[in-house]
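Structure record follows, encoded as structure tokens.
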Amino acid sequence: MNIETAKTAGFCFGVRRAVELVEQEAERAAGRYPVCTLGPIIHNETVTRRLGKKGVRVIDAPGEAPEKAVVVIRAHGVPLGTTRELDALGLRYVDATCPFVAKVHQIVAQEPPETVVLVAGDPGHPEVKGITGHCRGPFLVVQTGEELEKAVSALENFHKQSYILVAQTTFNRQEWEKTVFSAKKVCTNLKIFDTICKATVVRQKEAGELASRVDAMVVIGGHHSSNTRKLCSICSAHCPTVLVEEAGELVQHRELFARSLLIGITAGASTPVGIIKEVQETMSRMDNISNDMTFEEMLEQSFKSTYNGEKVTGVVTGIKPNEIFVDIGTKHAGFVPMSELTDDPSAKPEDLVKVGDEIELLVVRVNDVEGTAMCSKKRLDQAAGFEKVMSAGETGEILTGIVTEVIKGGILVLSNGIKVFVPASQSGVPRDGDLNVLLRKEVSFKILETNRQRRRALGSISAVLRAQREELAKKFWEEVEVGKVYTGTVKSITNFSVFVDLGGVDGRVGMTDLTWLRVKHPSEVVKVGDTVTVTVKDINTEDKKVSLIYKKSEDNPWEVIKTQHQVGDVVTVRIMSITAFGAFAQIIPGIDGLIHISQIAKERVEKVADKLAVGDVVEAKITELDYEKKRASLSIKALLAEREAAEEAENAAMETVEE
Ligand code: F3S
């Protein structure tokens with residue numbers, strides 16, 4: 001006895017992609033947050049168990065997802081309402097809907113609400129529920145042509161309606177043809193979309209052909225898997241057929257195998273290669289059946305293509321959170337998983353490409369049977385980028401990149417598709433600073449060291465900053481002159497000085513040039529990081545020192561007071577300090593006038609403190625403003641005498657009137 005396997009057996013493109021997405025998400029989560037699938041990711045217990053060990057939980061509805069969980073939508077897709085529910089619950093989700101299923105969603109969703117959508121498929125199947133969940137108007141799900149005729153004829157005014165007919169992607173090809181025939185019979189305004197997946201067609205065709213040549217068929221797959229059950233029904237039309245989910249179930253069919261000379265094997269789209277191989281080995285042991293080729297080899301054959309490793313130009317046709325779709329100019333449906341698009345874990349595909357963009361790609365895996373081609377942009381970029389980084393190490397060229405990670409001892413900068421390590425000491429961030437300030441920022445750096453064999457490169461941002469500063473300093477010294485005005489940034493402050501970064505050179509502002517006011521510390525006037533306008537007071541080209549003035553002449557209080565007061569004015573002043581010979585009171589900020597002890601009151605004052613205290617607000621007369629000596633005098637006594645005289649004069653005038 002011999003066994004022969006169908007060339008197309010095991011995971012289809014959509015299922016393999018969905019399983020890979022779940023595994024990637026589980027790895028990314030690493031137990032830090034829960035990962036759930038909305039229903040089992042595929043109808044295969046073994047795979048579900050394996051994923052369960054990696055912490056992946058199966059839930060039936062979005063509401064069952066634990067807090068902060070990432071929910072993976074399986075290849076079957078879901079109704080629109082489900083994704084809306086996920087959004088409403090604030091849950092992150094990974095959409096692993098097979099692109100071929102998503103295409104059916106798109107077709108039905110584009111139809112106006114009055115069109116009746118006819119879906120050929122199993123009404124209880126999640127894929128069909130997902131499809132009808134994207135319909136904007138009425139829909140009918142039928143499993144046969146007769147059902148369709150009956151259902152459509154029962155509709156009111158059925159001959160006046162517009163219809164479209166689509167199929168569940170795994171619908172039986174022969175039944176589809178019958179359904180189309182029936183649809184054309186009863187629907188006058190009908191558009192037909194053959195949405196049966198090519199992988200399904202090929203698989204079913206091969207299974208039928210094989211079943212017609214062998215004595216018995218073994219179909220491997222989940223007992224609940226619709227596409228596996230369809231394979232069974234196709235095969236059983238030709239020969240005795242058994243369905244097994246795993247090798248252990250074979251023993252029940254020993255009798256059938258014993259009377260068969262040639263046994264055919266096929267497997268459903270959600271059957272892992274490992275299980276197919278196990279079934280084959282078990283069958284070989286059971287009946288000593290010879291087999292020239294392993295299943296792995298056969299499957300491998302179906303993946304081979306002349307395009308593997310080729311460089312192609314792809315046009316972006318669609319963008320999903322986890323991948324992009326590209327037209328690579330062949331019959332293959334090209335796609336680039338996110339992991340093959342970039343190395344930046346926080347990047348989003350829509351930030352990197354847009355629909356219509358042309359991008360250079362490397363074809364990584366072609367599946368001629370399913371008509372798909374997995375491509376990589378990252379690998380091409382990395383090859384070119386690596387050479388660019390190596391050459392920058394030799395030429396000293398300045399590179400730019402985005403800081404993607406802060407790691408122990410430094411940061412990683414993604415430049416030309418290559419991660420370059422920049423030690424903390426070369427990052428330009430002060431020793432005790434936080435490297436996170438650079439995260440997601442674009443930086444310029446030089447390559448200090450490279451290791452071609454280990455594909456490593458070490459960079460320095462400081463080297464670029466230093467060179468930039470030197471360049472700026474050179475220009476500064478060429479152009480600087482006394483009186484020139486600069487805008488700079490306050491870099492540091494000491495007890496008596498402020499240092500201002502003028503761009504390549506730091507200048508110093510002394511206390512007397514900082515403010516007209518009396519302050520205890522420069523920080524009362526400016527703070528580190530302030531942008532300030534300063535005037536060059538003095539330059540020392542030998543020592544490379546620059547003195548600066550920050551205070552403005554128009555703020556000079558002796559100029560300001562000229563416009564506000566004159567001798568003889570009565571002003572309200574605040575006592576600022578007390579001495580043995582008098583008190584100083586602020587006339588305007590920056591000018592304190594002396595109220596001599598003899599001018600505090602009409603009578604003799606023994607001690608200033610008997611009459612005045614710091615903080616008191618009093619009225620006084622300006623008796624002197626000496627602009628030369630920058631001296632001002634005030635008198636309360638003069639004001640009082642003046643008021644008394646005025647009062648007396650007033651009283652005298654009143655007496656005269658009374659007489
Ligand atoms: Fe997709 Fe076809 Fe498989 S529709 S999930 S590739 S059977």
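The values are calculated or read from the model by the stated rules, or taken from the named source; none is laboratory data. What you see is a predicted model, and the numbers here were worked out from it, not measured in a lab. Cβ coordinates were reconstructed from backbone atoms using ideal geometry, including for glycine residues, and neighbour counts include every protein chain displayed. For accessibility, only protein heavy atoms count, side chains too; no ligands or nucleic acids. Shrake-Rupley method; radii C 1.70, N 1.55, O 1.52, S 1.80 Å.
Within the stretch 389-424, can you find the residues that are within 17 Å of Asn451 (Cβ to Cβ) and part of a helix (DSSP H, G or I)?
Within the stretch 389-424, Val389, Met390, Ser391, Ala392, Gly393, Glu394 qualify.
Condition (residue is at pLDDT 90 or above and touching a helix residue (DSSP H, G or I) at 6+ places or on another chain (Cβ under 7 Å)) applied to the stretch 382-391: is it met by at least one residue?
Within the stretch 382-391 (the criterion being at pLDDT 90 or above and touching a helix residue (DSSP H, G or I) at 6+ places or on another chain (Cβ under 7 Å)), the answer is no, since none of the residues qualifies.
Select from the stretch 439-450 the residues that are open to solvent by less than 80 Å² (accessible area, probe 1.4 Å) and either more than 21 Å from Asp501 (Cα to Cα) or over 28 Å from the mean Cα position of the chain (by Cα) (or both) and list them in ascending order.
Leu439, Phe445, Lys446, Ile447, Thr450
Taking only pairs six or more apart or across chains, which ones have beta-carbon atoms under 8 Å, a first residue in the stretch 366-390 that is under 17 Å from Leu458 (Cα atoms) and more than 16 Å from the ligand (Cβ to nearest atom), and a second residue that is modelled with pLDDT under 85 and of a type in the set (Asp, Glu)?
Gln382/Asp343
Report the residue count in the stretch 2-12 for those that are crowded, with 24+ Cβ neighbours inside 10 Å and not β-branched (Val, Ile, Thr). Even if it seems obvious, please write down each step before you answer.
Restricting attention to the stretch 2-12, the residues satisfying the condition of being crowded, with 24+ Cβ neighbours inside 10 Å are 5-6, 8-12.
Still in the list and also not β-branched (Val, Ile, Thr): 6, 9-12.
Residues flagged as crowded, with 24+ Cβ neighbours inside 10 Å and not β-branched (Val, Ile, Thr) within the stretch 2-12 amount to 5.
Determine whether the stretch 468-485 contains at least one residue that is touching a strand residue (DSSP E or B) at 6+ places or on another chain (Cβ under 9 Å), within 30 Å of Ile418 (Cβ to Cβ) and without any contact (Cβ under 8 Å) to a residue 60 or more places away in the chain. Before the answer, list the steps.
Initial filter on the stretch 468-485 (touching a strand residue (DSSP E or B) at 6+ places or on another chain (Cβ under 9 Å)): 468, 476-477, 480-485.
Next cut, within 30 Å of Ile418 (Cβ to Cβ) only: 468.
Then drop every residue that is not without any contact (Cβ under 8 Å) to a residue 60 or more places away in the chain, which leaves 468.
Checked against the condition, which is being touching a strand residue (DSSP E or B) at 6+ places or on another chain (Cβ under 9 Å), within 30 Å of Ile418 (Cβ to Cβ) and without any contact (Cβ under 8 Å) to a residue 60 or more places away in the chain, the stretch 468-485 yields at least one hit.
Filter the stretch 398-411 for residues that are without any contact (Cβ under 8 Å) to a residue 40 or more places away in the chain, open to solvent by 20 Å² or more (accessible area, probe 1.4 Å) and over 17 Å from the mean Cα position of the chain (by Cα) and give the result.
Ile407, Lys408, Gly409
How many residues are touching a strand residue (DSSP E or B) at 6+ places or on another chain (Cβ under 7 Å) and either closer than 25 Å to Ala473 by Cα or not small (Gly, Ala, Ser) (or both) if we restrict to the stretch 512-537?
At the first step, the residues of the stretch 512-537 found to be touching a strand residue (DSSP E or B) at 6+ places or on another chain (Cβ under 7 Å) are 513-514, 522-523, 526-537.
Subsequent filtering for residues that are either closer than 25 Å to Ala473 by Cα or not small (Gly, Ala, Ser) (or both) retains 513-514, 522, 526-537.
The total comes to 15.
Only one of these conditions is not met by Leu89: (1) without any contact (Cβ under 8 Å) to a residue 24 or more places away in the chain; (2) away from the ligand (no atom under 16 Å from the Cβ). Which number is it?
(1) is the only condition that Leu89 fails.
Of everything in the stretch 451-468 that's at pLDDT 90 or above and within 12 Å of Leu412 (Cα to Cα), which residue is surrounded by the most Cβ atoms within 10 Å (Cβ to Cβ)?
Filtering the stretch 451-468 for residues that are at pLDDT 90 or above and within 12 Å of Leu412 (Cα to Cα), the one surrounded by the most Cβ atoms within 10 Å (Cβ to Cβ) comes out as Gly459.
Got a number for residues in the stretch 92-105 being touching a residue at least 24 places away in the same chain (Cβ under 8 Å), more than 13 Å from the ligand (Cβ to nearest atom) and open to solvent by 60 Å² or more (accessible area, probe 1.4 Å)?
Here the count works out to 0.
Kindly indicate which of Thr46, Thr82 is in contact with a Pro (Cβ under 8 Å, 6 or more places away or on another chain), open to solvent by 20 Å² or more (accessible area, probe 1.4 Å), within 23 Å of Lys277 (Cα to Cα) and β-branched (Val, Ile, Thr).
Numbers: Thr82 fails: within 23 Å of Lys277 (Cα to Cα).
Of the residues listed, the single one that is in contact with a Pro (Cβ under 8 Å, 6 or more places away or on another chain), open to solvent by 20 Å² or more (accessible area, probe 1.4 Å), within 23 Å of Lys277 (Cα to Cα) and β-branched (Val, Ile, Thr) is Thr46.
Please go through (1) touching a residue at least 40 places away in the same chain (Cβ under 8 Å); (2) under 24 Å from the mean Cα position of the chain (by Cα) for Phe11 and return the number of the only condition it doesn't satisfy.
If we test Phe11 against (1) touching a residue at least 40 places away in the same chain (Cβ under 8 Å); (2) under 24 Å from the mean Cα position of the chain (by Cα), just (2) comes out false.
What do you reckon, is Glu340 more than 30 Å from Glu206 (Cβ to Cβ) and either part of a loop (DSSP other than H, G, I, E, B) or at pLDDT 85 or above (or both)? Can you show your working first?
Details: more than 30 Å from Glu206 (Cβ to Cβ): no; either part of a loop (DSSP other than H, G, I, E, B) or at pLDDT 85 or above (or both): yes.
So Glu340 does not fit the description; no.
Working carefully through the options Arg213, Arg203, find the one that is under 23 Å from Asn367 (Cβ atoms) and touching a residue at least 24 places away in the same chain (Cβ under 8 Å).
Details: Arg213 fails: under 23 Å from Asn367 (Cβ atoms).
It is Arg203.
Quick check on the stretch 605-650: of everything there that is in contact with a helix residue (DSSP H, G or I) (Cβ under 8 Å, 6 or more places away or on another chain) and not in a strand (DSSP E or B), which residue is nearest to Val573 (Cα to Cα)?
Ile636
Within the stretch 239-248, identify whether any single residue is at pLDDT 85 or above, surrounded by 20 or more Cβ atoms within 10 Å (Cβ to Cβ) and out of contact with any Ser or Thr (no Cβ under 9 Å at 6 or more places or on another chain), and answer yes or no. Walk me through it before giving the result.
Let us first name the residues in the stretch 239-248 that are at pLDDT 85 or above, namely 239-245.
Filter once more, so that each one left must be surrounded by 20 or more Cβ atoms within 10 Å (Cβ to Cβ): 241, 243-245.
Narrowing further to those that are out of contact with any Ser or Thr (no Cβ under 9 Å at 6 or more places or on another chain): 244.
Yes, that holds for at least one residue.
Looking at (1) more than 16 Å from the ligand (Cβ to nearest atom); (2) crowded, with 16+ Cβ neighbours inside 10 Å, which is the only condition Ile41 fails?
(1)
Give me the residue from the stretch 552-569 that is free of Cβ contacts under 8 Å to residues at least 60 places away in the same chain and open to solvent by less than 50 Å² (accessible area, probe 1.4 Å) and, out of that set, nearest to the chain's Cα centre (by Cα). If you could, list the steps in order and put the result at the bottom.
Applying the first criterion (free of Cβ contacts under 8 Å to residues at least 60 places away in the same chain) to the stretch 552-569 yields 552-557, 559-560, 563-564, 566-569.
If we keep only those that are open to solvent by less than 50 Å² (accessible area, probe 1.4 Å) too, we end up with 556-557, 560, 568-569.
Numbers: Asn556: 53, Pro557: 55, Val560: 55, Gly568: 70, Asp569: 67 Å.
Filtering first and then ranking leaves Asn556.
Name every residue in the stretch 319-346 that is in contact with a helix residue (DSSP H, G or I) (Cβ under 8 Å, 6 or more places away or on another chain) and either free of Cβ contacts under 8 Å to residues at least 24 places away in the same chain or farther than 23 Å from Asn416 by Cα (or both), in order of residue number.
Once the filter is applied, which keeps residues that are in contact with a helix residue (DSSP H, G or I) (Cβ under 8 Å, 6 or more places away or on another chain) and either free of Cβ contacts under 8 Å to residues at least 24 places away in the same chain or farther than 23 Å from Asn416 by Cα (or both), the stretch 319-346 yields Lys320, Ala333, Met338.
Based on what the data block shows, is Val19 of a type in the set (Val, Ile, Thr), under 29 Å from Val201 (Cα atoms), more than 24 Å from the chain's Cα centre (by Cα) and within 16 Å of the ligand (Cβ to nearest atom)?
Criteria not met by Val19.
For the stretch 120-227, please list each of the helices (runs of 4 or more DSSP H) lying entirely inside it that holds at least 2 residues being buried (at least 22 other Cβ atoms within 10 Å of the Cβ) and within 15 Å of the ligand (Cβ to nearest atom).
Values: elements: 126-132, 145-153, 173-186, 198-213.
Answer list for the stretch 120-227: 126-132, 198-213.
Can you pull out every residue in the stretch 496-542 that is open to solvent by 40 Å² or more (accessible area, probe 1.4 Å), part of a helix (DSSP H, G or I) and charged (D, E, K, R)?
Glu524
Working carefully through the options Glu350, Glu360, find the one that is in a helix (DSSP H, G or I) and open to solvent by 60 Å² or more (accessible area, probe 1.4 Å).
Working: Glu360 fails: in a helix (DSSP H, G or I).
Checking each option against the conditions leaves just Glu350.
Could you give every pair whose Cβ atoms fall below 8 Å, whose first residue belongs to the stretch 29-42 and is modelled with pLDDT under 90 and among the small types (Gly, Ala, Ser), and whose second residue is assigned to a loop (DSSP other than H, G, I, E, B) and open to solvent by 10 Å² or more (accessible area, probe 1.4 Å), counting only separations of at least 6 or pairs across chains?
Listed pairs, sorted by first residue: Ala29/Gly55; Gly31/Gly55.
Given Ala392, Ala424, which one is open to solvent by 30 Å² or more (accessible area, probe 1.4 Å), over 18 Å from Ala347 (Cα atoms) and in contact with a strand residue (DSSP E or B) (Cβ under 6 Å, 6 or more places away or on another chain)?
Details: Ala392 fails: open to solvent by 30 Å² or more (accessible area, probe 1.4 Å).
Being open to solvent by 30 Å² or more (accessible area, probe 1.4 Å), over 18 Å from Ala347 (Cα atoms) and in contact with a strand residue (DSSP E or B) (Cβ under 6 Å, 6 or more places away or on another chain) holds for just one of Ala392, Ala424, which is Ala424.
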